[in-house]
Amino acid sequence: MVKIACIGAGYVGGPTMAMIAYKCPDIRVTVLDISSSRIAAWNSNNLPIYEPGLMEIVEQVRGKNLFFSDQVDQGIQEADIIFVAVNTPTKKLGLGAGRAADLTFWELAARRIASVATTPKIVVEKSTVPIKTAEAISSVLHAAGKTSFSVLSNPEFLAEGTAITDLTMPDRVLIGGTMDEKGIKAAQALASVYAHWVPRERILTTNVWSSELSKLVANSFLAQRVSSINAVSAICEKSGADVDEVARAVGMDSRIGPKFLKASVGFGGSCFQKDILNLVYLCESMGLADVAEYFHWVVKMNDLQKQKFVERIIHGLFNTVTSKKIALLGFAFKKDTGDTRESAAIEICRRLIEEKAQIAIYDPKVEHEQIWSDLSSVCPVELVEIQKLVTICSSALEACSNAHAIAVATEWDEFKMIDFEKVYETMSKPSFIFDGRNVLDHAALRKIGFVVYAIGKPL
Ligand code: NAD
Ligand code: UGA
């Protein structure tokens, strides 16, 4: 039986390994993490991440050929193929701070493999990393000299909220390897794992650098589309055009395509900004300042989009939000996830707290502790001070009742079902709605009496 281990039981490691175990009953998969509490959660009925369809898959294979363990060394020793799916956040301090990827966790994992492995291993770079990381990791592994290693790049393209569908039917699986006999054999071994369910023509092999770079480029292109449509939303607001109509008309061109053209309050998530900044840093290091600047604007546009949304709320509420109750619907960076990393909601709250607004937050999936931790990390005051201004509610109705304004930050489907007539009765007049996701029925809301501001829409 082939044995796979994955170091890192996060949003990528957990679902990806669950899918491999589910589709490959002949493979034993062990997901490893230094965080014992995370492993305990994976072994419980309350998984550490919310992802539609994940629990159903985990329940079918956990304890059969899928295992979660904090015994990292043992897991490494037993495995033939080791995925590394640890976090690679943006560096906070030191050389490249604010842009370069922090590879500390990656290197620690690689050094752990080097120090405990006694049999040949295929090491698979699953985390998103800068180009040339596989080469560096290869040096670390081979310097240990105890056994032989092949290092492959196999970036992950799943999106949160749709991870199970994305893993079931990936557009492609990308495997980058060295072009020598050992590298080709390793790539074939990994390809044969995916071939249990992914059609062969969707399994793409390239050299290592192309694979590493493709991941950064894919995220940059996706984010670029969002920033482009958000830039267009600003033109729409000034001109009377409707951004959804423009997106539809433009996206029907088969060369452009309809996806990722939804104007919003700004993209969030743990990866878009991090990966673009990583690409920007790489370009700068290679002396490509103009290319770096080109991609950097994708992030700058996104920052502006978040700022504009908050300023619109403040201007709309007659230039003061002090002591006014604002209901914030949604805190996750997108629907169908409880993940808040880089969520636009955090920046919206930070600004509204600065203005001393009273904020009532409701999100169906985000843990309250996560919200407090996110707000503490961006507000330069004690948590008790934040808690004088912010309350976390257990329903949208509770958040909206008696508010001056409602701001939608996440496109949760349940927000479309809110009884806005009932909400309107309780609210201060004039009652405002700022739809940062264009998910509500604006005509119906105006009929009730709301003043509605939406992204890229005529007033
Ligand atoms: P995450 O923070 O959810 O999970 C990472 C896990 O690795 C954590 O549980 C942490 O405890 C563990 N870890 C860190 N160092 C370790 C070590 N030395 N040994 C054992 N465990 C260790 O991160 P994530 O969102 O799963 O992202 C992982 C990587 O995948 C990142 O590089 C990210 O860019 C990339 N990626 C993420 C997504 C996504 O949707 N989140 C999609 C594609 C790619
Ligand atoms: C994204 C990519 O889609 C994945 O392919 C990639 O694997 C992943 O990053 C990663 O590397 O981590 P994810 O961030 O989970 O996935 O979610 P997306 O659906 O891409 O959304 C990202 C952000 O853009 C969200 O805040 C979303 O609301 C926003 N968005 C997306 C828009 O504002 N408009 C759109 O049209 C699409």
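Which residue, chosen from Ala223, Ile57, Ile359, occupies the Cα position most advanced towards the positive end of the dipole of the chain, where the dipole is computed from +1 (Lys, Arg) and -1 (Asp, Glu) charges on Cβ about the Cα centre?
Checked the options; the winner is Ala223.
Would you calculate the separation in nanometres between label points at Glu56 and Met169, each defined as 7 Å from the Cα along the Cα-to-beta-carbon direction?
Going by the 7 Å Cα→Cβ label model, 1.4 nm.
Find out how many positive minus negative residues lie around Ala403, taking Lys and Arg as positive, Asp and Glu as negative, among other residues whose Cβ is under 11 Å from that of Ala403.
Values: positive: Lys324, Lys325; negative: Glu398.
In short, +1.
At 222 nm, what value in deg cm²/dmol follows for the chain if DSSP H runs of at least 4 each add -39500 (n - 2.57) and the sum is divided by all its residues, to the nearest 500?
Roughly -14000 deg cm²/dmol at 222 nm, from the helical runs in the chain.
Net charge within 14 Å of Asp80 by Cβ-Cβ distance, Lys/Arg positive one each and Asp/Glu negative one each, not counting Asp80 itself?
Values: positive: Lys3, Arg28, Lys121, Lys185; negative: Asp26, Glu78.
Within the 14 Å Cβ shell, the charges total +2.
Are there trypsin sites (Lys or Arg not before Pro) in segment 159-201 that DSSP marks as loop and that have at most 16 other Cβ atoms within 10 Å, and which are they? Working shown, then result.
Values: sites: Arg172, Lys182, Lys185, Arg200; in loops: Arg172.
For trypsin sites (Lys or Arg not before Pro) across segment 159-201 that sit outside H, G, I, E and B with at most 16 neighbouring Cβ atoms in 10 Å, the list reads Arg172.
Rounded, prolate or oblate, given the Cα gyration tensor of segment 1-148, with a/c below 1.5 counting as rounded? Don't skip to the end; give the middle numbers.
Working: a/c = 2.11, a/b = 1.29, b/c = 1.63.
Judged from the Cα gyration tensor, segment 1-148 comes out oblate (a/c at least 1.5, b/c at or above a/b).
Below 11 angstrom from the Cβ of Arg202, what's the summed charge of the other residues (Lys, Arg +1; Asp, Glu -1)? Could you put the intermediate results ahead of the total?
Values: positive: Arg172, Arg200; negative: Asp171, Glu201.
Counting the neighbours of Arg202, the net charge comes to 0.
Of the peptides 373-383, 405-415, how do they stack up when ordered by the mean number of other Cβ atoms within 10 Å, highest first? Don't jump to the answer; show the numbers that get you there.
On the way: 373-383: 14.0, 405-415: 23.2.
Highest to lowest by the protection proxy: 405-415, 373-383.
What is segment 94-135 by shape, rounded, prolate or oblate, if you read a ≥ b ≥ c off the alpha carbon gyration tensor as root eigenvalues and call it rounded for a/c under 1.5, prolate for a/b larger than b/c, and oblate otherwise? Before the final figure, lay out each step's value.
On the way: a/c = 3.40, a/b = 2.02, b/c = 1.68.
Judged from the Cα gyration tensor, segment 94-135 comes out prolate (a/c at least 1.5, a/b above b/c).
Could you bin all the Cα-Cα distances of segment 108-259 into 10 Å bins starting at 0 and give me the percent of pairs in each, rounded to whole numbers?
Once binned at 10 Å, the Cα pair distances of segment 108-259 give 10, 30, 28, 17, 10, 5, 1.
Given the pairs Lys215/Lys274; Lys356/Lys447; Lys238/Lys416; Lys335/Lys416; Lys335/Lys388, which are separated by over 20 angstrom at their Cα positions?
Values: Lys215/Lys274 12 Å; Lys356/Lys447 31 Å; Lys238/Lys416 27 Å; Lys335/Lys416 13 Å; Lys335/Lys388 28 Å.
Check vs 20 Å cut-off fails for Lys356/Lys447; Lys238/Lys416; Lys335/Lys388.
Which of rounded, prolate, oblate describes segment 63-107, given a ≥ b ≥ c as roots of the alpha-carbon gyration tensor eigenvalues and a/c under 1.5 marking rounded, otherwise prolate only if a/b is larger than b/c?
Details: a/c = 3.57, a/b = 3.01, b/c = 1.19.
Taking the square roots of the gyration eigenvalues as a ≥ b ≥ c, segment 63-107 is prolate.
Would you please name the trypsin sites (Lys or Arg not before Pro) within segment 243-302 that are DSSP coil residues with at most 16 other C-beta atoms within 10 Å of their C-beta?
Arg255, Lys259
In Å, what Rg and Dmax follow from the Cα atoms of segment 197-305?
Reported Rg and Dmax, both Å: 16.1, 49.
For segment 101-180 and segment 279-341, what is the centre-to-centre distance using only Cα atoms, to the nearest Å?
Cα centroid of segment 101-180 versus Cα centroid of segment 279-341: 31 Å apart.
Over the Cα atoms of the chain, how large are the radius of gyration and the largest Cα-Cα distance (Dmax), in Å?
Every Cα atom of the chain included, Rg and Dmax give 23.5, 73 Å.
Quick one: plug the Kirkwood hydrodynamic radius of segment 316-459 (C-alpha pairs) into Stokes-Einstein at 10 °C, 1.306 mPa s, and report D in µm²/s.
Details: Rh = 15.1 Å.
Stokes-Einstein gives a translational diffusion coefficient of 105 µm²/s.
Two decimals is fine: what's Rg over Rh for segment 43-89, C-alpha atoms, Kirkwood radius as Rh? Before the final figure, lay out the partial values.
Working: Rg = 12.7 Å, Rh = 12.8 Å.
Ratio value, two decimals: 0.99.
Laboratory data are not the source of any read-out in this text; all were calculated from the coordinates shown. Note that this is a predicted model, so its numbers are computed, not measured. Every residue, glycine as well, gets a Cβ built from its backbone with ideal geometry; the counts of neighbours run over all protein chains shown.
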